[in-house]
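What follows draws every value from the coordinates through simple rules; no lab data is involved. The structure displayed is predicted, hence computed values, not measured ones. We place every Cβ from the backbone using ideal geometry, glycine too, and count neighbours over all the protein chains shown.
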Ligand SMILES: [Zn+2]
């Protein structure tokens, strides 16, 4: 075959490779962070899930001062969702959740996740990062170092499957996100997640973590999970997650699958204890 002929043969292939946009996600997505909030009913959520072609994990907020505070409440939620076309999630709240729920009941959920938005800071103040008057940032760098320590401790010590709302910053420092989330700080969180087998949420509502974080985490072998964390009825359709999947070339293997990963994680947890 002459060089010219072979070039003619491969030209269309090259051309196709250049002009065909990468498909946003060629695998089915799961939104593991849907809440029945703002009047959203289970039936409505299932309808939206079918319409969007996205399987939903519906999660209940469980913890001190939240709708469910004990085993009985958690079981009620599980029974309500059992047999329906959704996964059943536990959003563990605050740091005292492990003392409120038995291991058996925790294990009945399809998966468990938490965030680091609620903690007691180094001066003993209960902090909720989304509440303006409960956020104390006297020194930005010191705050970030303390916050990273809290996140690493949560990921390393609590029996969770997904770490959600990752890298969320309180409003007073939100516009400094890229400067404050240095490569070193991101690395500490990513290392902890990889070591503990905890997936990192790509959050559609807050549009976090940043692309830089996702690329760094992907390189380190971390797993991801899509999540909306709706505060109201409006759910969207994982727009930010789809954008990041495309821009960071994430594949099915990069994503948490509770059917496979939860078991592996539980085994690891049992070995630790
Ligand atoms: Zn949530």
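Compute the length gained on full extension between residue 71 and residue 130: take 0.36 nm times their separation in residues and subtract their Cα-Cα distance, giving the result in nm to one decimal. Please list the in-between numbers first.
Values: separation 59, 0.36 × 59 = 21.24 nm, distance 2.70 nm.
Roughly 18.5 nm would be gained on extension.
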Can you pull the semi-axes for region 136-273, root of five times each eigenvalue of the Cα gyration tensor, sorted largest first, whole Å? 23, 20, 14
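Taking each pair of distinct Cα atoms in the chain once, what is the resulting Kirkwood hydrodynamic radius in Å?
Result for the chain stands at 20.0 Å.
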Using the per-residue mean of other Cβ atoms lying within 10 Å as a proxy for protection, in what order, highest first, do the peptides 56-62, 121-127 fall? 56-62, 121-127
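Taking the beta-carbon count within 10 Å as an exposure proxy, list 130, 181 from fewest neighbours to most.
Numbers: 130 15, 181 21.
Sorted ascending by nearby Cβ count, the order is 130, 181.
Can you tell me what share of the DSSP beta bridges in the chain is antiparallel? A percent to the nearest 5 is fine. Write out the running numbers ahead of the final one.
Working: 4 of 28 bridges.
So the antiparallel bridges in the chain amount to around 15 percent.
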Pick from 170, 209, 28: which residue has the top mean-square fluctuation in a GNM of the chain where Cα pairs under 10 Å get a spring? 28
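Multiplying the sequence separation of residue 239 and residue 187 by 0.36 nm and subtracting their Cα-Cα distance, what value in nm do you get? It would help to have the intermediate numbers written out before the result.
Working: separation 52, 0.36 × 52 = 18.72 nm, distance 2.57 nm.
Answer, rounded to one decimal: 16.2 nm.
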